[in-house]
Amino acid sequence: MVESARVRVPVGHPPAVFCTPGNRDLCERVVDHLSWSLGRVRFSTGGSGIYVRLEQSVANSDVFVICSRDDLETEVNFMLFQLLFLIDAIKAESPDRITVVLPCVEYSRQDRRFEAGESIAPKAILDMLVTSGADRFVTIDLHNQAESGFCPSNAVLDELTPEKYFAHFIRESVPHFNPEETLVCATDAGGAKRARKMADELQVGFMMADKFRSKVGDVSQVKIIADATVNPKNVIIVDDMFDTCGSLVKVVEAVHTYVPGAKIFAVGTHGYFSKDAVDKIAPFVKDKTLTWIAVSNTVSQRQTKKKFEEAGVAEYLKVVDMSRLLAGAIIRVHLGASLNLPKFRQLGPGIADPVLAEAAFVPTSQYALLATSVS
């Protein structure tokens, strides 16, 4: 007797997106842009520590894991172990590839050895994740461009740049924005390249803050390096992250001394605002020395918003969404397209992404064909 049955024959690698319990809002925004759904996974903690269990199959899938920090949800080291165990659980189910999306690479400031015996933390983290099963990484705005070389040779790291998104936000949020009356200011020599990119994007002038000591043993001072003939009405301070905000406050003071009549704005990709950072910023915001401060949602700003509310300056914290940038990168990685092509790099929030627009038409069903089995 001959019986026939319909079976599914894999012809590709369907996408699957998971996220750690941290910045879930960012993850949901990303999958909304993709018109996909988040994968099902269960996290729990108990006496034996962290427990992770997948609740769906990822065999032969192209898996993306988004891990973004939320200090209200969990501590950063705990988050990294959740990510590590999730990758291990996925790897055990035989996926085709695992791409880890790290909007912000943790410990990125520990990127060099100033003294013998110090660790290079970002390199150790990437090594650990690759050992666990990660094949590729996607991140936004590394603290140091050299950190891309920390990725092990058997994996790939792609860095996305946020200038287009911040520039769009600045043009809309700075009152009566005029490129001829605006300067971008780097917080130090190390951030000059980043600030110049922003200045080029906005088509404005450039200035730089620099620390120096008049003589050995003196406390360092911040001075402004700029064209003396330029008298800007707006100065936009640009940095990759705002952590304790000690440097930011000094630069704001120096810029205000240099051009007392200018409005000062601050833009940073990653907003940590640790320790007493908000207490340092609040006086400058209240007396209008600093008009507002903007960061992206690569790190969840839920805790920061509470701190700003407690300080009475909640309306001066602005958050720029990076979910569309990440979604555009994810669909291109899935389709095998490069993230370094100008067509992608030049896309901003005001420009339609034709590849992302097609993401909704990448249903899982297209990755399997119905065939007849004869027995």
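The values are calculated or read from the model by the stated rules, or taken from the named source; none is laboratory data. Bear in mind that the values here come from a model prediction, so they are computed numbers and not experimental data. Cβ sites come from the backbone with ideal geometry, for glycine too, and all protein chains shown count toward neighbours. Note: accessible area is taken over every heavy atom of the protein model, side chains too, but ligands, DNA and RNA are not part of it. Shrake-Rupley method; radii C 1.70, N 1.55, O 1.52, S 1.80 Å.
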Note the full-extension length gain between residue 76 and residue 171 as 0.36 nm times their separation in residues minus their Cα-Cα distance, in nm to one decimal. 30.8 nm
Return the label of the correct value of Rg/Rh (Cα atoms, Kirkwood Rh), as calculated from the structure shown, out of (i) 1.35; (ii) 1.00; (iii) 1.03. (iii)
Give a quick list of GluC sites (Glu not before Pro) in the stretch 108-159 that DSSP marks as loop, anything other than H, G, I, E or B, with at most 12 other Cβ atoms within 10 Å. 115, 118
Show me, for the stretch 106-118, the HN-Hα J-couplings you get by feeding each phi into the Karplus relation (A = 6.51, B = -1.76, C = 1.60, θ = phi - 60°), rounded to Hz, glycine and proline as x. 5, 6, 5, 6, 8, 9, 7, 9, 7, 9, 4, x, 7
Counting only helical runs of four or more DSSP H residues, what would the 222 nm mean residue ellipticity of the chain come to if each run contributes -39,500 (n - 2.57) and the total is spread over all its residues? -9000 deg cm²/dmol
Hand me the tally of lysine pairs in the stretch 128-261: alpha carbons under 19 angstrom apart, and the pair either on different chains or 8 or more positions apart. 9
Partnerless cysteines (no other Cys beta carbon under 4.7 Å) identified across the chain are 67, 104, 151, 185, 245
For the chain, find the longest principal axis of its Cα atoms and tell me its angle to the long axis of helix 24-34, 0 to 90°, nearest 10. 60
By how many degrees, between 0 and 90 and to the nearest 10, does the Cα long axis of helix 76-91 differ from the longest principal axis of the chain? 20
Please say if the stretch 102-242 is rounded, prolate or oblate, where rounded means a/c under 1.5 for a ≥ b ≥ c the square roots of the C-alpha gyration tensor eigenvalues, and otherwise the choice is prolate for a/b larger than b/c and oblate otherwise? oblate
Mind checking the full-extension length gain between residue 188 and residue 156? Use 0.36 nm per residue of separation minus the Cα-Cα distance, one decimal, nm. 8.6 nm
Once R0 is set to 35 Å, what does the formula 1/(1 + (r/R0)^6) return for the Cβ-Cβ distance between residue 118 and residue 361, expressed as a FRET efficiency to the nearest 0.05? 0.10
Between residue 60 and residue 43, 0.36 nm times their residue separation minus their Cα-Cα distance comes to what? 3.8 nm
Using a simple spin-label model with points 7 Å from Cα along the Cα→Cβ vector, what separation in nm is obtained for residue 321 and residue 230? 3.3
Along the dipole axis of the chain (charges at Cβ: +1 for Lys and Arg, -1 for Asp and Glu; origin at the Cα centre), the most positive-end residue among 174, 323, 340 is 174
Would you work out if the stretch 250-293 is rounded, prolate or oblate? Take a ≥ b ≥ c from the square roots of the eigenvalues of the alpha-carbon gyration tensor; rounded if a/c is under 1.5, else prolate when a/b is larger than b/c, oblate otherwise. prolate
So for the stretch 204-296, using the alpha carbon gyration tensor with a ≥ b ≥ c as root eigenvalues (a/c under 1.5 gives rounded; past that, a/b versus b/c decides prolate or oblate), I'd call it oblate
Tell me, what is the 1.4 Å probe accessible area of residue 13, in Å² to the nearest 10? 70
Would you mind checking the tilt of helix 192-202 against the longest principal axis of the Cα atoms of the chain, expressed as 0 to 90 degrees and rounded to 10? 80
With a point put 7 Å past each Cα toward its Cβ, work out how far residue 340 is from residue 94 in nm, to one decimal. 3.4
Label model pair residue 200, residue 221: point-to-point distance (7 angstrom along the Cα→beta-carbon line) in nm is 3.4
